[in-house]
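Undergrad: My structure is below; once you've seen it, I'll send some questions.
The values are calculated or read from the model by the stated rules, or taken from the named source; none is laboratory data. Fair warning: this is a prediction, and the values are worked out from it, not measured in the lab. Every residue, glycine as well, gets a Cβ built from its backbone with ideal geometry; the counts of neighbours run over all protein chains shown.
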Amino acid sequence: MKLSKGVITLLVIAGVVLVTFLWVKNSYNRMVLQEEQVTTAWSQVENVYQRRADLIPNLVSTVKGYASHERETLEGVVNARAKATQTTIDPTNMTAQSMANFQQAQGELSQALSKLMVVVERYPDLKANQNFLELQAQLEGTENRITVERQKFNEASRMYNTTIRQFPKNMIAGMFGFERKEYFEANEGAQNVPVVEF
């Protein structure tokens, strides 16, 4: 059985259309998957920051019992915590400005905690308090978790950003509205390690 030129042409066109459709579908689904991974990674970043924020009231209460006249420092920590917990980012609409605002609020909280730890140095009884030592250990562990989750977020963002920028996937990304995700960057001066002694 011999096929006519018209049937062969139609089969070739149908094959090209099918292959193109499958490629676009797979590329789109990969971008969706990676965008969801970025969103999930961001949720984990927020989760560990929330853990830190949840530890702070207990830490402040413990310090308050020993250092009641350090009111300004304690209020600074409470206010910084309040600001940090109010500053959130919608992971589907992550902009450089919203990321900068989030990082600034978290940085202010970190600075307030550093000041609190300096105040603690003046109170040897507080440094020996079991509740304080436990809270301090949990806070240190949480800071480590924050670092790990920020790294995971940045890696998920890098993979996603790379995918949507590669040719020809960048055309599909443009057609379907996939946009670049911001990275979590170190604050200015972060390369200078703060000295905090306990």
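Undergrad: When you look at ASN144, is it of a type in the set (S, T, N, Q), at negative phi, over 14 Å from the mean Cα position of the chain (by Cα) and in a helix (DSSP H, G or I), yes or no?
TA: Values: of a type in the set (S, T, N, Q): yes; at negative phi: yes; over 14 Å from the mean Cα position of the chain (by Cα): no; in a helix (DSSP H, G or I): yes.
Spelling it out, it is not the case that ASN144 is of a type in the set (S, T, N, Q), at negative phi, over 14 Å from the mean Cα position of the chain (by Cα) and in a helix (DSSP H, G or I).
Undergrad: Within the stretch 126-140, is even one residue under 24 Å from SER157 (Cβ atoms), outside any helix (DSSP H, G or I) and touching a Ser or Thr at 6+ places or on another chain (Cβ under 8 Å)?
TA: No, that holds for no residue.
Undergrad: Quick one: in the stretch 1-27, of everything that is part of a helix (DSSP H, G or I), more than 17 Å from MET171 (Cα to Cα) and of a type outside the set (A, V, I, L, M, F, W, C), which residue is farthest from the chain's Cα centre (by Cα)?
TA: So, considering only residues that are part of a helix (DSSP H, G or I), more than 17 Å from MET171 (Cα to Cα) and of a type outside the set (A, V, I, L, M, F, W, C), the one farthest from the chain's Cα centre (by Cα) is LYS5.
Undergrad: Does the stretch 160-168 contain any residue that is in a helix (DSSP H, G or I), closer than 30 Å to ASN29 by Cα, hydroxyl-bearing (Ser, Thr, Tyr) and under 13 Å from the mean Cα position of the chain (by Cα)? Reasoning before the result, please.
TA: Keep residues of the stretch 160-168 that are in a helix (DSSP H, G or I), which gives 160-165.
Narrowing further to those that are closer than 30 Å to ASN29 by Cα: 160-165.
Going one step further and asking which of them are hydroxyl-bearing (Ser, Thr, Tyr), we end up with 160, 162-163.
Now drop any that are not under 13 Å from the mean Cα position of the chain (by Cα), which leaves none.
Looking through the stretch 160-168, none of the residues is in a helix (DSSP H, G or I), closer than 30 Å to ASN29 by Cα, hydroxyl-bearing (Ser, Thr, Tyr) and under 13 Å from the mean Cα position of the chain (by Cα).
Undergrad: Right, another one. Please pick out the residue among PHE167, PHE153, PHE184 that is of a type in the set (Phe, Trp, Tyr), exposed (fewer than 13 other Cβ atoms within 10 Å of the Cβ) and modelled with pLDDT of 80 or more. Spell out how you get there, then give the answer.
TA: Numbers: PHE153 fails: exposed (fewer than 13 other Cβ atoms within 10 Å of the Cβ); PHE184 fails: exposed (fewer than 13 other Cβ atoms within 10 Å of the Cβ).
It is PHE167.
Undergrad: Given the conditions (1) touching a Leu at 6+ places or on another chain (Cβ under 6 Å); (2) modelled with pLDDT under 85, report the number of the one that GLY65 does not fulfil.
TA: Failed condition: (1).
Undergrad: Give GLY65, GLY107 a once-over and let me know the one that is more than 16 Å from the chain's Cα centre (by Cα) and more than 30 Å from GLY177 (Cα to Cα).
TA: GLY65
Undergrad: Quick one: which residue in GLU134, GLU185 is charged (D, E, K, R) and touching a residue at least 40 places away in the same chain (Cβ under 8 Å)?
TA: Numbers: GLU134 fails: touching a residue at least 40 places away in the same chain (Cβ under 8 Å).
Within the list GLU134, GLU185, the selection yields GLU185.
Condition check ((1) surrounded by fewer than 18 Cβ atoms within 10 Å (Cβ to Cβ); (2) assigned to a loop (DSSP other than H, G, I, E, B); (3) touching a residue at least 40 places away in the same chain (Cβ under 8 Å); (4) not aromatic (Phe, Trp, Tyr)) across all residues:
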{"residue": "GLU75", "(1), (2), (3), (4)": "yes, no, no, yes"}
{"residue": "ARG81", "(1), (2), (3), (4)": "no, no, no, yes"}
{"residue": "ALA84", "(1), (2), (3), (4)": "no, no, no, yes"}
{"residue": "MET99", "(1), (2), (3), (4)": "yes, no, yes, yes"}
{"residue": "GLN106", "(1), (2), (3), (4)": "no, no, yes, yes"}
{"residue": "LEU109", "(1), (2), (3), (4)": "no, no, yes, yes"}
{"residue": "ALA112", "(1), (2), (3), (4)": "no, no, no, yes"}
{"residue": "VAL118", "(1), (2), (3), (4)": "yes, no, yes, yes"}
{"residue": "ARG122", "(1), (2), (3), (4)": "yes, yes, yes, yes"}
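Undergrad: Just to be sure before I move on: is ASN131 modelled with pLDDT of 85 or more and loosely packed, with under 14 Cβ neighbours inside 10 Å in the structure I sent?
TA: Numbers: modelled with pLDDT of 85 or more: no; loosely packed, with under 14 Cβ neighbours inside 10 Å: yes.
No.
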